[in-house]
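The numbers here are math on the coordinates, done by the rules we state, and not lab data. Please read these numbers as outputs of a predicted model, since none were measured by experiment. When we count neighbours, we look across all protein chains shown, and the Cβ atoms used for this are built from the backbone with ideal geometry, even at glycine.
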Amino acid sequence: MSEDQDLQQTRNEVKMHLRIGVALTVLILISIGIALIPFNTALHLVIGLGIAVVMATLVMAFFMHLKGEKKFVHWTMITAAFFFVILIALTLLAYFDYAGSATIFKF
């Protein structure tokens, strides 16, 4: 009985990984398609980063097995992401201070 349960569990995990793989492939194709549409730079940036965040979340949750981890691991990841956003914001502030104006964000 245990072998049957192990086999079924393995099949379910393979199906789930295939679904996540298909979702990642679709998101990559969407991001390529969005890049071909003539939006302004800021909109491309927002859409691209949104798709990248969704893809990174799928990879972390399922392929890195963070979905079933303890709360401490989740808070560690959230803290790391928070500091990453702060560092990117400081980098952009320094860049725009040096450049003199936010020329990349023309609306």
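A few points about this structure:
- Residue match in the stretch 17-30 (condition: touching a Phe, Trp or Tyr at 6+ places or on another chain (Cβ under 8 Å) and part of a helix (DSSP H, G or I)): yes
- Among residues of the stretch 44-53, those that are exposed (fewer than 13 other Cβ atoms within 10 Å of the Cβ) and touching a helix residue (DSSP H, G or I) at 6+ places or on another chain (Cβ under 9 Å), counted: 1
- Scanning the stretch 15-41 for residues that are farther than 21 Å from residue 57 by Cβ and out of contact with any helix residue (DSSP H, G or I) (no Cβ under 9 Å at 6 or more places or on another chain) gives 36, 38, 40, 41.
- Pair list, Cβ < 7 Å and 6+ apart or interchain, from the stretch 67-91 residues that are under 28 Å from residue 45 (Cβ atoms) to residues that are of a type outside the set (Asp, Glu) and outside any helix (DSSP H, G or I): 77/66
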